[in-house]
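Only one structure is covered here, and it is reproduced in the block below.
The values are calculated or read from the model by the stated rules, or taken from the named source; none is laboratory data. In this text, all values refer to a predicted model and were calculated from it rather than measured experimentally. Counting neighbours? That spans all protein chains shown, and the Cβs are built from the backbone with ideal geometry, glycine included. Protein only, heavy atoms only, side chains kept; ligands, DNA and RNA dropped before computing areas. Shrake-Rupley method; radii C 1.70, N 1.55, O 1.52, S 1.80 Å.
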Amino acid sequence: MKFFKRSVLFAYSHIKRFFRELITPFKMKFWLVLLPFLLVQLIFLSVIQLKHGFDLNDHILIAGVIEKILVDSLILLCFVMILKIVTRTNIVPAVFMIIYLLLFFTDLTVYYFGHTMLESHHLDLITWYSIKGFIGFATISFFILFLIASYGSFVLIKKLSHHIRFSDLFRYGLILAALIFLGATDFLIDKSEEHDGNFEGNEDKNVHYILRCKNAQIRYAKKNSLVNFWQEIISKDRSSRYKVERTYEEFRETIEKYNLPIGTRNYEPLDIDPFRHVIWFASESINLDFFSTFNEELPVDTETEFYESPEIVEKMMLNYFTAASPTLPALTSTFSSHPNDRLIRSGFHQNAIARILHRHGYHTVFLRSASKYYAGENIIFQQFGFRDIIAREYFSSYPENADYIYDWGVNDRIMLKKLIDLMEEYRDRKLFVVVLGVDTHPPHGRAEYGFRKVEYPPVPEGYKKFGRAYDFMRSVKNHDHDLAMTFAEMKKRGLYNESTLVIATADHSCPYNNVTRHIPGIENTNLARTPLAFLTPANLPEYDLNILSGQLDLAPTILHLLNLPVPPGYWGESLFSKTKIPQFIGQNRGTLEYRTENERLNINVRQRQREHRDLIDLYNTIIIKTPKRRR
């Protein structure tokens, strides 16, 4: 009985103290533990401003900055106080704060180099040679700042933890809940985007489109790093988000609303014999604007031998855009003509073009310079239908290649010689090869030119005008030279004939970064123009070189050229079809970009905006028509 009485009195005294403290001022001394974190926030916000160039007088930006600082700080305070109260130690809250700082520094570093936060696919990219190019003054500075901030956090928590009160935790929690519930920045964004749909000409539409793009960037940049880590790394995509349909009838109204080519194609047969060899050059991270022929703002004539040769210039698509980035999302979307690369990679790869060509008798090869294990692509590309994956490991098995393998992988020239060997081996048989090099991988391209055994023509003196982008643009020129040599070798050996189709393009455009921003005329986007040209001695039908198009159009175009049926689930349209309309669809950081000549939409696919919910549902759906078995 005495124990019960003492317990009641103890509880009563604590409850009484709790309510008494509720009306007292906060113990502001404990706010000092936020100093290291606020330093990180300041640097992070500065990097975001550097990347995006926001108008500092924009009231939405100001609201977003204030909201981010308050929410991020309150989340930190609440977790630290809870851990201290529960564990009654300093070490646990200190460790949490260091982890919290680590997440912010990780996002800061990723944002600095690629203007995205940490995303799930980045984990697949963690290898020494993939991160080596990003180790420099900025990365080392961020790491040193992280160590200083971590030490400061540990010291401050140790000295100030006795100022923690449950009443303050309760009030911080209420303020945090109110900030999240009210969502002031999202409210201002929604209000700014309200429009009756009656635009006064294209300029008015463009202004509204730019506003939506800017707002999407603010919304993305204000994400909390802990929440982002949970969503991108801990929490997995649920299969229930995705749907598999055998027919497109359920979405007929949506397809007609957005004028999508999804459905049964009735392409006019092309008066050409089917190609026996289909060679797809997917140059790593190449923008069309890297070449002076297509970018008048460049300070020098780039003088490349392949992409700027008269033979290719007269066949070059001028408004062909990247559908996704980086390599794996871009190739996934391109191979399956679907903007949702995660949907495809979650097991729905039946429409991949290599699978289709394999069913029609082609030997399918993915030939690359990097490791076949990179990002798990040895498994993924097999699922996409590639029967052979020839990569760094193959070239490493030959001692004579040792001097040509470095960092990302084997020098592109050595890899391209294997392409010639494959074409010789399959001279009289069907062959489909996708060729992906690494020499132009950002940020600086291949670094070992000059002391390896591969020789290249001298780089024009004018390339020095590219400044910090000199090394990268040099690697572009060298890669172009290797392609020109390979193309010439095809012709010399009689491998380039009317049965050969060569597709000159890129895996994706180069993501805008601290190097490419020094190249005039390069847009601040991950979805920029890339080269695309169809090369063959055969007479191809005419096609519009200026039409707005994108990577989703490439797979249906190839199938059309081969007079093969196109899956109804493809989002793209053959560039040789008379029904092709100017249209581009791409996906970047969870935003679906939809463009026509008269309309531009920026749709957040994760928030299921009511206005475009039908399109988002279609985006999360794959239409797979079971192929008939060949007898």
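For E377, the stated conditions hold: it is buried (at least 21 other Cβ atoms within 10 Å of the Cβ) and outside any loop (DSSP other than H, G, I, E, B). Scanning the range 380-419 for residues that are open to solvent by 60 Å² or more (accessible area, probe 1.4 Å) and touching an Asp or Glu at 6+ places or on another chain (Cβ under 7 Å) yields one hit, Y406. Scanning the range 546-576 for residues that are open to solvent by 10 Å² or more (accessible area, probe 1.4 Å) and of a type in the set (S, T, N, Q) gives N546, N563. For Y543, the requirement of being open to solvent by 10 Å² or more (accessible area, probe 1.4 Å), at pLDDT 95 or above and not in a helix (DSSP H, G or I) is not met.
Against the test of being of a type in the set (G, A, S) and either open to solvent by less than 40 Å² (accessible area, probe 1.4 Å) or modelled with pLDDT of 90 or more (or both), the options G197, G183 yield a single qualifying residue, G183. Tell me which of these Y248 doesn't satisfy, since it passes every other one: (1) among the aromatic types (F, W, Y); (2) touching an Asp or Glu at 6+ places or on another chain (Cβ under 6 Å); (3) surrounded by fewer than 22 Cβ atoms within 10 Å (Cβ to Cβ). Tallying (1) among the aromatic types (F, W, Y); (2) touching an Asp or Glu at 6+ places or on another chain (Cβ under 6 Å); (3) surrounded by fewer than 22 Cβ atoms within 10 Å (Cβ to Cβ), Y248 fails exactly one: (2). Scanning the range 301-333 for residues that are open to solvent by less than 20 Å² (accessible area, probe 1.4 Å) and touching a Ser or Thr at 6+ places or on another chain (Cβ under 9 Å) yields T302, T304, F306, Y307, M316, M317, Y320, T322, A323, A324, T327, A330. For the range 582-592, taking the residues that are closer than 15 Å to R219 by Cβ and of a type outside the set (A, V, I, L, M, F, W, C), the one that is least open to solvent (accessible area, probe 1.4 Å) is identified as G590. Per the conditions (1) open to solvent by less than 30 Å² (accessible area, probe 1.4 Å); (2) of a type outside the set (A, V, I, L, M); (3) modelled with pLDDT under 95; (4) not in a loop (DSSP other than H, G, I, E, B), the sole criterion not satisfied by N514 is (4). Scanning the range 43-64 for residues that are free of Cβ contacts under 8 Å to residues at least 40 places away in the same chain and hydrophobic (A, V, I, L, M, F, W, C) yields L45, L50, L56, I62.
Taking the range 53-75 as the range and being more than 15 Å from A184 (Cα to Cα), open to solvent by less than 20 Å² (accessible area, probe 1.4 Å) and of a type in the set (G, A, S) as the test, only S73 passes. Pairing each residue of the range 560-583 that is within 23 Å of A324 (Cβ to Cβ) and in a helix (DSSP H, G or I) with any residue that is open to solvent by 30 Å² or more (accessible area, probe 1.4 Å) and charged (D, E, K, R), provided the two are 6+ apart or on different chains, yields C-beta distances under 9 Å for H560/R265. Taking the listed residues G409, G376, G445, G385, the one that is touching a helix residue (DSSP H, G or I) at 6+ places or on another chain (Cβ under 8 Å), of a type outside the set (V, I, T) and modelled with pLDDT of 90 or more is G385, with no other qualifying. Among F432, F487, which is open to solvent by 10 Å² or more (accessible area, probe 1.4 Å), of a type in the set (A, V, I, L, M, F, W, C) and closer than 16 Å to L535 by Cβ? So the residue among F432, F487 that is open to solvent by 10 Å² or more (accessible area, probe 1.4 Å), of a type in the set (A, V, I, L, M, F, W, C) and closer than 16 Å to L535 by Cβ is F487. Within the range 387-409, residues that are within 18 Å of Y373 (Cβ to Cβ) reach partners that are of a type in the set (G, A, S) and assigned to a strand (DSSP E or B) with beta carbons closer than 6 Å, at six or more positions or on different chains, in the pairs R392/A370; R392/G409; W408/A370; G409/A370.
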